[in-house]
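The values are calculated or read from the model by the stated rules, or taken from the named source; none is laboratory data. Everything quoted here is computed from the prediction, not taken from an experiment. We place every Cβ from the backbone using ideal geometry, glycine too, and count neighbours over all the protein chains shown.
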Amino acid sequence: MAKARGRKATGPRFLRDAPSETPLYVSDFADGKIYRIGPTSVSIDIKPGSDPNSINPRSKDVIPVAILTTNIADGDPLDFDATQIDATTVRFGPNGAGIAHAQEHIEDVDDDGDSDLLLHFRTQAKGIACGDTTATLTGETFSGDAIAGSDSIKTVGCK
């Protein structure tokens with residue numbers, strides 16, 4: 001039986017290896033397997049086509065956020081179909097704002113030939129504050145699997 005810090009292992013061991021959207025893994029010494037128990041890390045693009053992703057926290061506008069479909073064959077870290085996300089579960093920003101309107105958009109946002117999910121969120125509802133440098137999105141797939149992703153932002157209009 002495996003030992004942990006000189007003691008007999010009696011239960012699961014929790015392993016975390018990076019930022020909050022990185023999945024949590026549990027190692028069960030009884031069967032030697034590692035199990036994923038956290039959200040799937042997805043690629044998102046805030047304000048697709050813009051760089052930097054400038055956000056004025058005082059704006060009354062909406063901000064587009066794309067959840068990208070990824071493919072290992074294209075060099076991405078995992079196969080993920082963004083069209084399988086339940087848009088009603090998606091939350092964005094520190095306040096966990098829901099989508100601004102009920103209609104999500106399926107389109108090829110990053111011009112790689114596959115369908116991505118484009119959603120819009122009200123700027124003021126998100127809770128993004130002057131000086132924030134990242135924004136995070138969470139949600140679930142139609143099968144109930146949790147997802148999370150972050151992208152960089154630059155706040156403007158804060159003087």
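Here's the yes/no breakdown for (1) assigned to a loop (DSSP other than H, G, I, E, B); (2) within 22 Å of Ser41 (Cβ to Cβ); (3) not polar (S, T, N, Q):
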{"site": "Asp112", "(1), (2), (3)": "yes, yes, yes"}
{"site": "Leu119", "(1), (2), (3)": "no, yes, yes"}
{"site": "Ala129", "(1), (2), (3)": "yes, no, yes"}
{"site": "Thr136", "(1), (2), (3)": "no, yes, no"}
{"site": "Gly139", "(1), (2), (3)": "no, yes, yes"}
{"site": "Ala148", "(1), (2), (3)": "no, yes, yes"}
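Residue under question is Gln103, and the condition is that it be assigned to a helix (DSSP H, G or I) and not small (Gly, Ala, Ser); does it hold? Give the derivation first.
Values: assigned to a helix (DSSP H, G or I): no; not small (Gly, Ala, Ser): yes.
Here the answer is no, as Gln103 does not meet what is asked.
Please tell me if Asp76 is assigned to a loop (DSSP other than H, G, I, E, B) and either buried (at least 20 other Cβ atoms within 10 Å of the Cβ) or charged (D, E, K, R) (or both). Please lay out each step first, then the result.
Details: assigned to a loop (DSSP other than H, G, I, E, B): yes; either buried (at least 20 other Cβ atoms within 10 Å of the Cβ) or charged (D, E, K, R) (or both): yes.
Yes; evaluated as a whole, the condition is true for this residue.
I'm checking my understanding of the structure. Among residues of region 81-95 that are more than 12 Å from the chain's Cα centre (by Cα) and part of a loop (DSSP other than H, G, I, E, B), which one is nearest to Thr133 (Cα to Cα)?
The residue in question is Pro94.
Looking at (1) among the basic types (Lys, Arg); (2) farther than 19 Å from Gly149 by Cβ; (3) at pLDDT 65 or above; (4) surrounded by 11 or more Cβ atoms within 10 Å (Cβ to Cβ), which is the only condition Arg13 fails?
The failed condition is (3).
Could you please find all residues in region 124-159 being touching a Lys or Arg at 6+ places or on another chain (Cβ under 7 Å) and among the β-branched types (Val, Ile, Thr)?
Thr138
When region 39-59 is examined, which residues are found to be closer than 21 Å to Phe142 by Cα and among the polar types (S, T, N, Q)?
Answer for region 39-59, where residues must be closer than 21 Å to Phe142 by Cα and among the polar types (S, T, N, Q): Thr40, Ser41, Ser43.
Can you tell me how many residues within region 49-64 are farther than 21 Å from Glu104 by Cβ and in a loop (DSSP other than H, G, I, E, B)? Let's see the steps before the verdict.
Within region 49-64, the first condition is being farther than 21 Å from Glu104 by Cβ, and the residues that meet it are 51-52, 54, 56-60.
The next check asks that each one be in a loop (DSSP other than H, G, I, E, B); those that pass are 51-52, 56-60.
Of the residues in region 49-64, 7 are farther than 21 Å from Glu104 by Cβ and in a loop (DSSP other than H, G, I, E, B).
Within region 131-150, track down each residue that is in contact (Cβ under 8 Å) with a residue 24 or more places away in the chain, under 15 Å from Asn53 (Cβ atoms) and surrounded by fewer than 16 Cβ atoms within 10 Å (Cβ to Cβ).
Scanning region 131-150 gives a single hit, Gly131.
Hey, does region 38-58 have a residue that's at pLDDT below 80 and surrounded by fewer than 19 Cβ atoms within 10 Å (Cβ to Cβ)?
Step one: list which residues in region 38-58 are at pLDDT below 80, which gives 38.
Okay, now just the ones that are also surrounded by fewer than 19 Cβ atoms within 10 Å (Cβ to Cβ), so 38.
Within region 38-58, one or more residues are at pLDDT below 80 and surrounded by fewer than 19 Cβ atoms within 10 Å (Cβ to Cβ).
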